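Take a look at the structure below.
Where a number appears in this text, it was derived from the coordinates with a stated rule and is not lab data. These numbers were taken from a predicted model, which means no experiment stands behind them.
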Amino acid sequence: MEYLKVIGKKNLKGSVKISGAKNAALPLLASTILSSRKIDISNLPDVVDINTLLKLLEMLGSTYNKKNGILTIDSTTINQTKATYDIVKTMRASILVLGPLLARFGHCEVSLPGGCAIGQRPVDLHLKALEQMGAIIEIKNGYIDAKAPNGLKGATIVFDKITVTGTENIVMAAALAHGETTIINAAKEPEVVNLCDVLKDAGVQIEGIGTNTIKIVGSNQKLLDFKEFTIIPDRIEAGTYLCAGAITNSILKVDNVIPEHLEAVIAKFEEMGYNILKEKLSITILPANKIKPIHITTTEYPGFPTDMQAQFMAVATMAEGVSIIDEKLFENRFMHVSELTRMGADITLNGTVATIQGTPKKLFGTDVMATDLRASSALVLAGLVANGETNIHRIYHLDRGYDKLEVKLQTLGANITRDEEKK
Ligand code: EPZ
């Protein structure tokens with residue numbers, strides 16, 4: 001198995017180009033199920049989760065090829081409607097084929113995603129909303145068995161909680177439904193907006209894009225005339241590299257990013273004492289004279305993203321004082337705490353709240369274990385400032401959502417290498 005070796009204490013400099021957003025590409029690939037034609041997709045990130053969803057679509061009957069960074073995918077040939085356990089167990093976002101398959105074929109079976117490292121993560125809100133659209137849903141042998149023989153019908157959906165993939169599933173289902181659907185308390189993450197914009201270009205009547213209330217008029221099960229589209233930049237990948245600049249107190253620029261997508265993150269860097277320069281498609285972080293502690297509460301967009309929580313915890317270990325991080329979205333998203341503590345960090349947990357006593361320049365390298373995607377990036381960040389060598393194991397978590405992370409960090413001057421574990 002591979003691991004990453006990081007030799008700390010190196011200042012970083014230069015700029016890094018951000019890849020397409022994993023969490024925008026996943027629903028957009030699933031949405032190709034709704035298309036009446038082949039589609040060209042650009043700026044797709046080269047990460048494991050994207051390949052997993054392509055494998056799932058191929059298993060359902062799609063065909064695709066990649067040339068010069070463009071993916072051409074044809075999902076008109078889909079002839080299967082069962083998303084099997086062996087794929088769904090590797091990536092819970094496979095649930096995103098549920099809405100489009102049911103809307104197009106009137107029936108499908110999707111393995112019920114289990115829990116994951118960061119929490120129980122039920123999909124009850126997805127199922128409840130589809131039932132309101134007329135679906136008959138049963139859980140059979142660990143599978144969601146969904147039927148809508150006459151197609152789905154428009155409905156008014158009020159989500160009890162804001163759910164990103166729940167909103168995306170219902171937006172895609174509503175796009176082919178009979179009549180109008182209104183989603184209230186919808187998610188408005190940039191990734192949801194990217195999906196809605198692409199469906200609108202494909203001829204779907206959608207109002208309220210980017211707000212908590214989205215109205216969609218369905219096509220009465222007529223497949224959609226998709227145009228070629230581009231995946232938005234990955235705001236979480238961008239935020240992670242800005243954290244690399246912050247934790248090493250270096251000047252670092254991230255290119256191919258939309259600064260508006262990171263307002264809440266930028267505000268926290270500024271509160272910590274860093275200077276931030278924003279340009280049209282780039283952000284530069286400048287060193288802080290003194291790294292100040294921070295209070296963070298994770299919430300839905302446009303608030304502070306839970307997917308940046310672990311990375312900011314690593315930065316907070318370099319602050320002069322006590323930081324507080326309250327994780328409100330996922331009940332088990334502090335798996336990185338024990339690993340950072342192994343590196344000498346001083347962090348105490350109390351329920352959803354982590355208290356970080358800054359230990360500037362006191363972290364030391366050792367062997368640590370990645371537990372989930374964002375936790376693993378926090379360990380890499382800590383390794384950049386630790387005394388000595390940090391070895392990060394189980395980096396398959398990292399490869400799920402970061403496109404060539406160590407290569408990009410090497411171009412910024414980091415001493416990081418990928419190696420095979422000795423048997
Ligand atoms: C998306 O997950 C992202 N994944 C996550 O990113 C991200 O952390 C999360 O949104 C929040 O921003 C993708 O887009 C593929 P939710 P999702 O449904 O949609 C509860 C990463 O690191 N809930 O918005 O699964 C749920 O348990 C990943 O890239 C229900 O109770 O998250 C959570 O507490 C990790 N019932 C809250 O809502 C439901 O039916 C928000 O979850 C659905 C959700």
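Of the residues Lys17, Lys188, Lys67, the one that moves most in a GNM of the chain with alpha-carbon contacts below 10 Å is Lys67. In this structure, the residue pairs whose Cα-Cα separation is over 31 Å, taken from Lys13/Lys161; Lys38/Lys188; Lys361/Lys408; Lys66/Lys200; Lys5/Lys253, are Lys13/Lys161.
Over the chain, the hull volume per residue, using the convex hull of the C-alpha atoms, is 131 Å³. Of all aspartates and glutamates in the structure, those lying under 14 Å Cα to Cα from Lys362, and not within fewer than 8 positions of it along the same chain, are Glu320, Asp346, Glu389.
Reducing segment 349-375 and segment 22-98 to their Cα centroids gives an inter-centroid distance of 35 Å. Pick from Ser376, Ser42, Ser19: which is most flexible by mean-square fluctuation in a GNM of the chain where alpha carbon atoms under 10 Å apart are linked? Among Ser376, Ser42, Ser19, the largest GNM mean-square fluctuation belongs to Ser42.
What shape does segment 5-117 take by its C-alpha gyration tensor, where a ≥ b ≥ c are the square roots of the eigenvalues and a/c under 1.5 counts as rounded, a/b above b/c as prolate, and the rest as oblate? Mind showing how you got there, number by number?
Values: a/c = 2.90, a/b = 1.59, b/c = 1.82.
Because a/c hits 1.5 or more and a/b fails to exceed b/c, segment 5-117 counts as oblate.
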